[in-house]
Structures are given as C-alpha cells and as structure tokens.
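The next block holds one structure in the form of structure tokens; read it before the comments.
The values are calculated or read from the model by the stated rules, or taken from the named source; none is laboratory data. The structure presented is a predicted model; accordingly, all values stated were derived computationally and were not measured. All Cβ positions, glycine included, derive from the backbone under ideal geometry; neighbour counts span all protein chains shown. Protein only, heavy atoms only, side chains kept; ligands, DNA and RNA dropped before computing areas. Shrake-Rupley method; radii C 1.70, N 1.55, O 1.52, S 1.80 Å.
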Amino acid sequence: MSTSANEKTSAALPHDTEVGGAPDAGQATDTASPPKWRSLPTAPFRKIQRKSLGEILLESTAITEEQLSEALKSQEMDLKHQKIGQILIKKEYLSEEEMLRSLAFQLSLPYYDRLPVNDIDPSLVENIPIQFCRDNQLLPIARDEFNVGVAVSDPLNIFPIDDLRLILSTNINLIVCSPTVIQNSINRVYERSNDASQKVIEELNVPEVGEDDSLEQTRDLLESSDDEKPIIRLVNGLLARAVKERASDIHIEPYENDIIVRFRVDGSLQDKMQVPKRHSGSLASRIKIIGKLNIAEKRVPQDGRISIRVAGKDIDVRLSVLPTAYGERIVMRLLDKSSGAKSLKQMNIADEVHSIWTALIEKKHGIILVTGPTGSGKTTLLYASMMHINTSDINILTIEDPIEYQLAGVGQMEVKEKIGLNFSDGLRSILRQDPDVIMIGEIRDAETASIAVQSSLTGHLVFSTLHTNDAAATVTRLMDFDIQPFQITSALLGVMATRLVRKLCQSCREAYTPTKQDLKTLGHLAERVDGRKLYRAGPGCDQCFNQSYRDRLGIHELLVIDDKMRQTIIEHQDAKIIKKAALENGMITLRDSALAKAIDGLTSLDEAIQRTQTDRIDD
C-alpha cells in the first residue's frame, strides 16, 4: 500500500519513524529503538483512511473473513457493547499489537512498540494525578511550543483526552502504544518525578516524629505530596526507589559520622546514598512507626511488618531493627506480592532434574526437603511444587514464617512467636486437620524435625526447608536433630539444594570465543560448547541500571534417596561419602548446574564459579 499520502505526516515525526503505510508483516510502524522526542505530529487526527478497520485487518493480518464475520455477529449480540477489536483479541484471532497497529494506520497515527522513557520530561506530569493516567491508559510524553504528544492505548476514547487538553491548556497529538508499554512508562516517569531523595536530605531539619505520622497503607507512594515532612518523603522515596531498582533488601547502617543506605539487587549489595548522622534517630523512628514497633525501645532488637503500594504493586516489607554501637541498624526485606508465585516450569530446572523432581513431589507420603542459605529460592521452589500437585481431591496445609504468597486452594497458617505459636505447635494442630500434604516453612529444631519425620511415616507428604551447604549435608543435619539413620532412610524421598545466580543482561551481554582456560573450567561439560560462543558481562545499559546483570535464576542439585543411597546412609554418616555415592549415582552438582547455565548464555562463567565456590569436588 502506498505511503505517499502520509509523507507530510512522517516528516513531522521523530527521527526514523514510519507512519501511514499498511501495517503488514513486511513493514513496521514503530522504531527498532525508541527515538528521542524532537518534534511532534501537527494534528491529533490527520487524514483518516477510507477503508474500514475490518478491511485493514483482512489485508494486514492473518485473520480470515469467517473469523471477522463471527466476531461481528458476537458484537451484535454482546450486551456489554465490546469493540470489535476486543472481541477478536478475546477469541485469540488477533494479537493486541496487530489490532493497535491497524487502528493507528486507519487513523493515520504513529504507533510505537516502546517509548523512550528516559527522554520524557517528568515535569509533563506534575499536575496530572498518576491514577488518572493509569485509569485511562495515557501518558504525556513530549511537547513543543504549541502541542503536547500523548501516548494512548485507545485513541477513540476521547473524553479523557479532552480532560487532558483542559488540564494542559494546549493541543493534544496522539501516539498509539500498547497498554503494557504505557503502564510501565507511567510508573517509570512518576518514579523519576518523585525520586528526590537527595533533595529531601538537604531539607531535613531533624524534627521529632510523632505518633500521628502514619503512612496510609492503601495509597501509592508515588502519589506522595511535596508538603509532607522531609523525613516522611525520604522514607517513601527510599521504598519507591528500591522497588524501581528491583531491590530485595534495604540496609540502613549507622556509623560514627554518617548513615549508609545500601540496596541488595540480584544478590549483591550496592551503596545508594549517605544520610547525615544527626538524622539517625528521626529516620529510625519513622520506619519503626510504619512497622508498628515501639519507638521508645532502642535497647533490644525488634521485628515488624509493613504493607505498602508502589507503582501499583503491593509490597510486603519484613522489618528488622538491631541496636548497634552507633545507633539502630535497619534491614527491610521487600517482597512483591503482586507478582504471585511462580510455576514449576518457570524455575529453570534442567530437564533431567525436572522430571525426577516432578515424580518425587507426586508421591503420596514421605518427606521432601529443599536446602540452601537465606534468600536462595527455597520457598519459591516449594510454592511452585505445591501448585503443581494442588488439585481439588487433596488437602494441602502449610505453616510458614511469614506467608509470602497466598495460594488458591491451600490452607496457610503463619507462625506467631509472640503468642507462643511456633512451628512444632502449629504442626501438631495441622495434623488434626486431616491433611494429605503438609508444608513446613523451615525445620529449626529437633522437635519440629521429629514431628515432620513421624508425619511422613504415617501417610503424609511433607515439604520443608533446611539451612545446609549442599544436598548431602542434609542427612547429617537431620542426625544433628536426633533423627536416627533408619528413620531418615524410611522417610526421606529426596533433597534439592538450590542457589540463585545473576542472569546476564540480555541487552548488553558480550559474546566471545571460549579460551583453553574456560574449557578447562567447564571440565566434562566442555564438549557441550562445541564451537558455540560464551557470554560475559557487558558494559551495562539502561535495562540493567548499568549493572551488567538483570534478575536471577536458580541452579539445582537433587539427591534422590534410592536403595543404594539408603544403604550408604545406614553404613556411613559422613556427608562427603554420601555426596561421593550420589555423584556415582548421576547427581548433577550445583557447580555443574551453574556451568550449564553459562553454556546456554544465561549467566557468565565468572558468576557460575563465584556462586558455587563451596561446591568444588576434590574427592
């Protein structure tokens, strides 16, 4: 289809952007990388195509006339008055992107599959409530002397566009984007608009924080107003920034002359800011207030919980306050509850391990353990395993500290040490609830271990976690809890050791040819390289906040308790001998699992080696 009718429009658009041509498979109406906003279209609705949307869809997508007719008939009978595009997408005849591209073409509007968020001026949204943008799926993205460009997911929804025209007192030019792109861009632009932690530090005057300074649990922290006290805005800003940068923990560490704030991102601590030491008391008091802790008590450790909302996400914060020589040290662990629990397929378990693990968790009785240090993905794996076996004909009950995700169809109970409800007491109560499957958040003492083993021997499938270095050490750890070897061999089905390694940023990772030393490091896995490139950390980019890594993935070591392993456990109680027997039985170690991820380009060799240093096999 010719684009000559739109040459004038295209000339006014950002660099390298095509608009107006038919949105077929051979022609894109978006840019491969988002352009910087230098100029805007001259009118919100330019020359509209004479063809109907249906004709454009038939020409530019794989939809058939029969499917289109079916959708039109459904629209006539639809009492909700859905648009034809919504019906086609719901029936999976059409993707959302195809629909929006075709609509943009019909209206002669530009379509972008991404937005240059870093080039959007946050001052554009100063007078616009974040909820207005979210509810109407729109975002101002650029302006010139006479116009403001606005990204929208529905250019035919003219009422919020008219409202925005009144708010901004200017002409509105539309750019079409998917709702997901707009939603993510809204969060990032408003985060930048509210990310003023350093400015707040300069404004602090050390006011005494009173009991009336409460944080509204349901309000989004990105909606914080400028007239709030600086200490409140500082805490809100820290939490919002931590969520934005995907931090799992916030560390507030007082020293002799200042306070250091660090974030743990993808398992590594990073310095973020320094706060003057004189604000230590007010900062700690503010955090203790929102965590419902005693602000007058500064001599003993305290633990609390905070529920907040940031950028539309529900965040659960576990708060720990520890008195030190220079003041109260605070650690806040962040859990994004809106992301939900992962499925077993999302756990990145190697195929040969996945099939064995699936068979184990589908057993009717016995005990299955997941081991590793704090923050190694143990609970995430247990949740995924329970979701895999969760059906209407079995009764699954858990006791956890704390409950991290709500699982549909699973009865979950939380430990409350303050009132005397611990794992062992809760487990006794659970056994009176006729469970088929029991999940214990952690085995911490001999009493809990004994009840768990006895439960697995009396017809229950028991899941739990332990803190050990590897799978083989779990056997000796159970013996430390006074569990006899014959009980272990009768009850234990398998042990999965898990760790998390940082995932290479897929945008800036660098390919290279492996050296002889690399192949030597890979050992028996070197044959899997077979001329392939390996990847190492790149220079960093906007996608990974210049860290070269983004997100983490699991590595796994599965010890199966079969007849040969039972005999080894009965005859020997040494973890090294048990591990050696498991290796002879074909167990894949944590080191091999990590190296396999490096060969697949998901992580680097350096990261694989660093995260599995305790896994060297020298015997």
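Could you check the simple spin-label distance between D119 and L431, using points 7 Å along Cα→Cβ, in nm with one decimal?
Distance between the two pseudo-spin positions: 6.6 nm.
Round to a whole number: what % of the accessible area of the stretch 58-123 belongs to carbon and sulfur, probe 1.4 Å?
Percent of accessible area from carbon and sulfur atoms in the stretch 58-123: 50.
May I ask you to give the solvent-accessible area per residue for the stretch 400-526, in square angstrom, as obtained with a 1.4 angstrom probe?
For the stretch 400-526, the per-residue accessible area is 44 Å².
Sorting check: for 448-461, 153-166, which peptide has the highest mean count of neighbouring beta carbons within 10 Å, and how do the rest follow?
448-461, 153-166
Which of the listed residues, T324, G375, A359, is farthest toward the dipole's positive end in the stretch 273-419, when Lys, Arg count +1 and Asp, Glu count -1 at the beta-carbon?
Among T324, G375, A359, the one farthest towards the positive end of the dipole of the stretch 273-419 is T324.
Tell me the relative contact order for the stretch 523-585 as a rounded percent, counting alpha carbon contacts under 8 Å between residues six or more apart.
For the stretch 523-585, the relative contact order is 17 percent.
Just check the stretch 409-475 against the gyration tensor rule for me: Cα atoms, a ≥ b ≥ c as the square roots of the eigenvalues, rounded for a/c under 1.5, and otherwise prolate or oblate depending on whether a/b exceeds b/c.
oblate
For the stretch 437-519, just the Cα atoms, rotate onto the principal axes and tell me the three extents in Å, largest first.
Taking max minus min along each principal axis of the Cα atoms, the stretch 437-519 gives 54, 26, 21 Å.
Quickly work out the S490-to-D574 label distance, labels modelled 7 Å from Cα along the C-beta direction, and quote it in nm with one decimal.
Here the modelled spin labels are 2.8 nm apart.
Quick check for the stretch 487-619: number of Lys pairs with alpha-carbon distance under 30 Å, counting only pairs 8 or more apart or on different chains?
Summing the qualifying lysine pairs gives 23.
Determine the gain in length on full extension of the stretch T374-E414; use 0.36 nm per residue of separation and subtract their C-alpha separation, reporting nm with one decimal.
Extending this stretch completely gives an extra 12.6 nm.
How much accessible area per residue does the stretch 329-376 have, in Å², with a 1.4 Å probe?
49 Å²
Which entries of K244/K292; K272/K313; K244/K342; K277/K337; K83/K244 show an alpha-carbon separation above 29 angstrom in the structure shown?
K277/K337; K83/K244
State, to one decimal in nm, how far the label point of K363 lies from the label point of D542, with both points 7 Å from Cα in the Cβ direction.
5.2 nm
Hey, could you pull the Cα Rg and Dmax for the stretch 226-367, both in Å?
Rg then Dmax for the stretch 226-367, in Å: 19.1, 59.
Which lysines have a Cα less than 17 Å from the Cα of K288, not counting those fewer than 8 places away in the same chain?
Cα-Cα hits under 17 Å: K229, K298.
Would you mind counting up the charge near L553? Only other residues with Cβ under 9 Å from its Cβ, with Lys and Arg at +1 and Asp and Glu at -1.
Cβ neighbours under 9 Å give a net charge of +3.
Percent of accessible area on the stretch 543-583 owned by carbon and sulfur, 1.4 Å probe?
44 percent
Using a probe of 1.4 angstrom, how much of the accessible area of the stretch 245-340 is carbon and sulfur, in percent?
47 percent
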